[in-house]
Every structure is written in structure tokens, then in C-alpha cells.
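Notes to accompany the following structure.
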Amino acid sequence: MEFFLRLFDTLSRKRFALAAAVALLLLVAAAGASRLQFSEDIFALLPDDEPAVAQARLSLSRFSTLDRMVIALESDDSRTLARAVDDLDAKLRPLPGVKQVISRIDQQAQDEIFALYQGKLPLLFDQSMEEALSARLNRPWFEQRLQQYVDAQAGKEGIKIVDTFRSDPFGFDELALRRFEKLNSGFAGRTDAQGRILSPDGRLAVLFVEPDFPPGNTGRGREFMAQVDGLLADLPEGASAHVIGAHRSSVDNAEVLRTDMHLTIATSVIGIALLFVLGFRSLLPVLLPLLSVSFGFAMALGAQGWARGGLSAITAGFSAVLLGIAVDYAIHLLAAFAGQDGERTPRARAAVGHTGVPSFLAMLTTVAAILMLRLSRFDGLHQLAEMAAVGVFGALLFALLAGPQLLAKWGPRPRPSNPFAALAGGLNAARGKARMPLLAVFALGTVLCAAFLPAVGFDGDVTNLDGKSARTRAAEAAIQTAFGQETLRRTLAISGADTLEGALREGDLAARELHAMGVKFESAAWVLPSTLTQQENLLRWRGFWTQARLADLKTAMTAACARRPDTGASFSFKAAQVEKGFASLWQTVSPGHDPALLQPEQIRKRPVWTLLGNFISERDGRVFSGAVAVMDERQIGELHARVPAALVLNKASFVGRIVQLIRRDLLLMGGLSLLLVVVILWFTFARLADMLIALVPVAGGMVCTLGLMGLLGIPFNIINTLLTVFIAGLGIDYGIFYVQTWRGAGGAVEAARRLRDAGAGVLLAALTTLFGFGTLAMAGHPALFSVGVTTGIGVTTALLLTLFVVPTLLEWTAGPETRHG
């Protein structure tokens, strides 16, 4: 206490030097802050050295088709649906910002597929195709085809069967063309006669839209989505639209954030202003906490600029949240100042004398807890720890050095009664009359909250923290229901090379492993292998058709028979007829009749490329081939082992890993923070009872916060995990202020007065925090709502424990001369 009094006296004589020092520090901080390069990448919060994060980052940056927008049109009338698709396609293509629109596999592409792939089965003859063909080379299968042929001759089937049976009795071309069914881009449906992509029930049709700008450009995205919504408003009567994709979600986020910030900022400003008007009959005192935190934030930005030169915008935002702890130092100073009588200078001197030591101790414990974030695996938390620690320390310096001098010059005049001091005094008096019942209530409440601790969940899915509108979430649900539950939840495996040929080859190798694993997947490898793979397939084809296999096949064909539908007579081929009638077949499978290779560079210029483009992406001069598969965690690990060079992105696996890291951080940082705080308090108080009592608000507050989160079903995520540090910092500050204030009391009367002043400061600080951050509970954005609810629960429970439990515990451990009641 004496140190801060002497410091106040010294600075009172050197106010110009103090102002110059503050200005100089701000100039240095501004110079450092000007060096900062801000990043809005959400991955900046995640561990950069974590393989799952690295692969997700690379996958999202390299595979452009992940950024496409999906528009699903719905109608019960097929003609209305077809007209809606065609009209929207025509209107979207000239729309500024649209790079490509795919609404169908058009007739030209379908005709081209047939022309390109007729007779090309040998080029696609991989292990999977060999298995499919082998299943047909038997008497039962040929007998079924023979019956179709006989029926067709009698008019029961189309003439096409008659034309193709002798040249391709086992459906070689059909097998090749059916591979295009594996390129549905996750939308397991069908096409109509004009090639429109429909859901299995035919009620939904999808259009794929690829914008020419990234989803993160929300300014352009907002204008673009408004134009798209305008087009969708003109759909034919009876048709409706569902829109999903990164661009839609980004705009939703921006819109809900804008609305929420307007609401919460207005509520916070009005609430805090009313608090200060009520407490000081003036808005001038609100400037002191604002200047204190602003100075601390400036120091933090400057330090980051000089030390790193770069900063995540997300980290900067959460640093500002953590700096909410630092506003309490100025508020406690103001509350102590308002509780004094007399002239401004003596009041300011007494205020810093009362609050200097507990504020400094609170800063030490808070900074110690915050610095434990440096031990996290999350890279963003490393910067957050540095920012918050420097900011809290800077805010304390301003509050204790410049704050008293400002109050001595311009502080509010004393009031006959301070409502916060009166309220704190009244609550303390009521507590004194019901010590045991209140302790019993809080003990029972804490035990009940502790019972729900096992129910606390962990949500590592960052997509659950975005602000998708109810309309977008409903669209996702509708599309998933119509096209299959795996449509939006699958594994993406990406292989890259410097050329298209190289990328296709890498994709072929990945496809081989996926097939060997028995995994269902989609890939360009199904229909466009690299030229090297095509040559390997040709070798397999030649080796497949041995003389023994040909002899067995001819025997099976000779033994097969069918029934004529008109006479019921049997029909079959003799050996000579098999040999002569199917000459085209034998020529196809004989050596020296290999088809010409498919040329990828030529195919990419043709309409059929629209089907393959979803699996091929070009970024930064490299080409990437993607395979989409449905896999579980074990299979994902196996794929990593089989194809170590491939990037694998799986939402469930990624979320599971993030959850593991969150749990690790909670245990590690929470345990070490508590240990460090205990050590500091022990050396400060040198008395076990005082140390334990100071920990009551933070310990009880955390138990109640976590328990109520479990009860209400609010999971931990990468956002509100940070709030535990915030709540712990506030709780320990409240406890230190009460214990330190009590320790200086000389008797019951002085103890009551000191608790009243400390209670006023804690009450005002807590209410300010609730108005500042607790109002976020009104937000519609999941991340802001999570912050608001967690803060509201934590601050409220810590405040109640400080006001109603800590004083009673202090009285129990004190001598008779300081007990009052």
C-alpha cells in the first residue's frame, strides 16, 4: 500500500512526464501495430503442426470444386421442374461472378461419351472391371442375354438388342459406359432424358454453380447472393429452391454477425452507460476504464507488430474479449474513489492505496493463467496468450499510474450515497443474518452442478460455429434427405502433380488402393485413367483372354438356350454358329486389335469434361485429382498408410482430432494455471486459509459453469474453451480483492466498510462484464451465443460466491475483533 501511495505522490509532481511517457509508448505501439498483417483464416486458430489440420488446409486451398454452390430446385411436377432448371441455367450463365454452371449431362456430352468410349473397355480394364466382366462370362448370364435377343426378334424388345447382341453379347460397351454412373459428385440420383441431374424420387434437380471469387470475399458474395436470390424468386409457380455451399454460408455468417453486433453493442453501450450514470451521476468516469483497456490493447497490438509482424484477426478479436478482465482494475479504482469523502486529490490517493496491491496481485495471477495458453497445441492461442498478457499488464499500468492522476484532476465529486456501495452493504448485511442457510444453498447448488460435470460435451466441428441461416440449414437437410445422407459427409482424397497426366496417374494409384480396401468411391480414374494406366490395363486385358478362357466361354455359349415366345421352341447356337456369328467378339478379344488410347489433354477440351471437372482441379500451376469415398476412421488410417502422399479430408475424423486437442488443452492449461495461481497466492498471503478462500469464486464458479453447461447441453468448442481462462481470471480477481481488503481491516466496523467498498467495485465490474459480454447470449450467431452464455453463467456464479460465501469464510477464520454481523 505504501508503495502505491509514494508512487502517486511522485507522479503528482511529474504529471507532464507521465503524459509524455504515455504518449511515447502509444507512438511506439502505433508504429508496431502498423507493421501487422491481419489474416482471416480460421485455420490460424488450429495447430499448424497437426497433420489433420495441415491436410484440411491444403485440401480446401487446392481443390476448387469444394467452393462450388449447389442449387437444388424442387417440384412435384416433372415438367415444372424441368422448365425451372432450364430457365435458371440460362439466367445464371451471364450473371457477373459466375465462372461455370452445370445443370445437366447434355445430349452432346452423352453422345460424345458413347462415341469416345465405344470399344474402349480394354483401356479401363483394371481389377474392378476384370471382376465385373468375369461375373458375366458364364452360361446363366449369356442365357439371359440370349433370351432377350430371342424376345427382341419376336418384337418384345427393342431392335437395339438385335443389333448389339452379336457384336457385343456380354455388354463390353455397357460396362464401360456404366462407369459414368460413378461420377455423381456425391449426389446419388439419376438423370432424365435430357440429362438433368435428379434425385432418386425425381422431385429435386441440382445445378452446380462455380463462382469466380473466393467464399471469404463476403462483400462481393453478399451482392452475388442477392442477385441469385432475385433469380430464384422468379421460378415458375410450383417450384422452390434450396441453396447450399461455402458462398451462401459466408454471406449468412456476415449477415447474422452484422445483426448481432448491432444488437449486442447497442445493448452493451446503453447498459454500461446506465450503470455509470447510476453509480456516479456522470458518464465521464466511463472514460477511465475505456482508456485503460484501450492503452492495454494498443500495447498488445504494438508488441505483436514488433515481435511477429502478423496476427490472426480472429485472435485479435478474442484478445479484446480477454482484455475485458483488465477493465476491472480501473473500475475498482473508480469504486474506491467514489467511496471517499473530501477533495479529489486525497480521494484519488486513498483509492490507489486501497486498490493498488489487490489489483497488482490480480494482474499477476491473471497473466500467469493466460500465459498457460502458450502450452496449447492451438497456434492461435499462442498469439492470444501474448496479446492478452501484454494487454492486461498495460491496462493495469494505466489504471494504477495514470488513472489516479486523472481522477485527482477530473474525477467525479463525492455523492451523499453511492448506489452500488449501498447495494453491496445491504447484501452484506443480509448475508450476515443468514450465513448458514446461504452457505447450505451454495454448497448444495455446487454439488448439484458438479453432478452434471460428466455431461459436458466437446464439439470440435468448426462448422457448428458458423452463422448459417435457418433457410440454409433446412436446405442442407433437404438435399441430404433427397440425395442420401452421405452427400455432404464424405472423405476427400487428393493427389497432385505438375501435369494433368501426372495427376491422373496419382489418382489411378489412389483408386487402386481404395478398391483393394473395398471402399465405395468416385474418381476420374473410373473413366479417364492416365495413359500409363491405360497401357497397364491393356496388358491385363491381353493376359485375361487365355485360350482356356476362350474355350470355356465358347462351350458356355453353345450350351445356353432360350425359348421362343411365339412357339415355345428352344433356341441355341451350335459351335460353328458361335464361332462365326460372334466374329466381332472374337476379334475384339484377339491380340493386335487394341483400341487407340484416350488422350486426356484432348478430352479436357470437349463437352465430356464437364463430368470430369468435378474431380480435377488446378491451383498454383499444379493439377490435382480427387477421389470421394465413404470411409470410417479405420479405413482413413489405412488409406494414409497405403497412399501417404495423398491429402485426406474427412469431417468426422477432423472433428474427432480437434476434440482430442480441446480436451488435452483443458486438462493441461487448467491444471497448470491453477497450480501457478496457488503458488502466487501462497507467497502473497502466506496463510492457507486466505489462499483457499481467495480460490472459492474461481473454483466454485468453474464447477457451476461447467455443470450448468452440461445440464443445458452447451458443449465445449474452440471458442468457449478460451472463455474458461476469462472466467477464471475474473473469479480469482474477485477473491483476491475481498481477501486483501479484509486483511487490512482493523476491526468489525472498518471490515464492514472495506467489504462494502470492495463489494461495490466487484458488483460494478461484474455488471459491466455482463453487459459487455453476457449480452452476446442474445446473439443468433452460434459462436457469439456460446461466448455470451458461458460468460453469463461464469461471471454470475463467481459474483454470487464472492458476495455471499467469501465474507462468511473470512469471518470464520478471523479473530473475534473483526467478526461482525
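The values are calculated or read from the model by the stated rules, or taken from the named source; none is laboratory data. Remember, predicted model here, so these are calculated numbers, not experimental data. Neighbour counts run over all protein chains shown; Cβ positions are idealised from the backbone, glycine included. Surface accessibility is based on the protein's heavy atoms, side chains included, excluding ligands, DNA and RNA. Shrake-Rupley method; radii C 1.70, N 1.55, O 1.52, S 1.80 Å.
Observations, loosely collected:
- As a summary of the residue check, LEU672 satisfies the conditions (1) within 30 Å of ALA510 (Cα to Cα); (2) open to solvent by 20 Å² or more (accessible area, probe 1.4 Å); (3) of a type in the set (A, V, I, L, M, F, W, C) except for the one numbered (1).
- The residues listed here are ALA395, ALA362; of these, the one that is modelled with pLDDT under 90 and closer than 23 Å to PHE3 by Cβ is ALA362.
- Residues considered: PHE213, PHE224, PHE208, PHE180. Of these, the only one that is part of a strand (DSSP E or B) and either surrounded by fewer than 16 Cβ atoms within 10 Å (Cβ to Cβ) or in contact (Cβ under 8 Å) with a residue 24 or more places away in the chain (or both) is PHE208.
- Looking across segment 783-800, the residues that are surrounded by fewer than 24 Cβ atoms within 10 Å (Cβ to Cβ) and modelled with pLDDT of 85 or more come down to VAL789, GLY792, THR796, LEU799, LEU800.
- Search result, residues across segment 1-19 that are surrounded by 15 or more Cβ atoms within 10 Å (Cβ to Cβ) and of a type in the set (Gly, Ala, Ser): SER12
- Members of segment 707-754 that are crowded, with 24+ Cβ neighbours inside 10 Å, at pLDDT 80 or above and among the hydrophobic types (A, V, I, L, M, F, W, C): MET709, ILE732, ILE736, PHE737, VAL739
- TRP586 meets the conditions (1) under 30 Å from GLN147 (Cβ atoms); (2) of a type outside the set (Ser, Thr, Tyr); (3) in a helix (DSSP H, G or I); (4) open to solvent by less than 20 Å² (accessible area, probe 1.4 Å) in every case but one. The failed one is (4).
- Any hit, segment 723-741, residues being assigned to a loop (DSSP other than H, G, I, E, B) and not acidic (Asp, Glu): no
- Test: ILE732 is touching a Leu at 6+ places or on another chain (Cβ under 6 Å) and in contact (Cβ under 8 Å) with a residue 24 or more places away in the chain: no
- Checklist (1) in a helix (DSSP H, G or I); (2) open to solvent by 10 Å² or more (accessible area, probe 1.4 Å) applied to GLY780, failing item: (1)
- Any hit, segment 381-390, residues being part of a helix (DSSP H, G or I), over 42 Å from the mean Cα position of the chain (by Cα), more than 30 Å from VAL659 (Cβ to Cβ) and not acidic (Asp, Glu): no
- In a residue-by-residue description of segment 483-491, the property of being closer than 30 Å to GLY507 by Cα, surrounded by fewer than 16 Cβ atoms within 10 Å (Cβ to Cβ), modelled with pLDDT under 75 and among the acidic types (Asp, Glu) applies to at least one position.
- Residues located in segment 636-651, provided they are open to solvent by 70 Å² or more (accessible area, probe 1.4 Å) and more than 20 Å from PHE378 (Cβ to Cβ): ALA641, ARG642, PRO644, ALA645
- Taken together, the residues in segment 333-376 that are crowded, with 24+ Cβ neighbours inside 10 Å, among the hydrophobic types (A, V, I, L, M, F, W, C) and more than 42 Å from the chain's Cα centre (by Cα) amount to 6.
- Which numbered condition LEU597 fails, given (1) part of a helix (DSSP H, G or I); (2) open to solvent by less than 60 Å² (accessible area, probe 1.4 Å): (1)
- Residues of segment 1-34 satisfying the condition of being within 16 Å of LEU301 (Cα to Cα) and of a type in the set (A, V, I, L, M): VAL22, ALA23, LEU24, LEU25, LEU26, LEU27, VAL28, ALA29, ALA30, ALA31, ALA33
- Neighbours by Cβ (under 6 Å, 6+ apart or cross-chain): first from segment 20-48, modelled with pLDDT under 95 and open to solvent by 50 Å² or more (accessible area, probe 1.4 Å); second among the hydrophobic types (A, V, I, L, M, F, W, C) and assigned to a helix (DSSP H, G or I): PHE38/ALA313; GLU40/ALA313
- Per-region count, segment 270-285, residues open to solvent by less than 40 Å² (accessible area, probe 1.4 Å) and part of a helix (DSSP H, G or I): 8
- Complete set of residues in segment 600-630 that are hydrophobic (A, V, I, L, M, F, W, C) and either touching a residue at least 24 places away in the same chain (Cβ under 8 Å) or open to solvent by 70 Å² or more (accessible area, probe 1.4 Å) (or both): ILE603, VAL608, LEU611, LEU612, PHE615, ILE616, VAL623, PHE624, ALA627, VAL628, ALA629, VAL630
- Test for VAL659: is it over 28 Å from PHE360 (Cβ atoms), touching a residue at least 40 places away in the same chain (Cβ under 8 Å) and surrounded by 14 or more Cβ atoms within 10 Å (Cβ to Cβ): yes
- Restricting attention to segment 407-424, the residues that are open to solvent by less than 30 Å² (accessible area, probe 1.4 Å) and either more than 18 Å from ALA798 (Cα to Cα) or among the polar types (S, T, N, Q) (or both) total 6.
Yes/no per residue for (1) at pLDDT 95 or above; (2) open to solvent by less than 50 Å² (accessible area, probe 1.4 Å); (3) under 30 Å from GLU811 (Cβ atoms); (4) over 32 Å from the mean Cα position of the chain (by Cα):
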position	(1), (2), (3), (4)
GLY432	no, yes, yes, yes
ARG435	no, no, yes, yes
LEU444	yes, no, yes, yes
PHE452	no, no, no, no
ALA455	no, no, no, no
ASP459	no, yes, no, no
VAL462	no, yes, no, no
GLY467	no, yes, no, no
ALA470	no, no, no, no
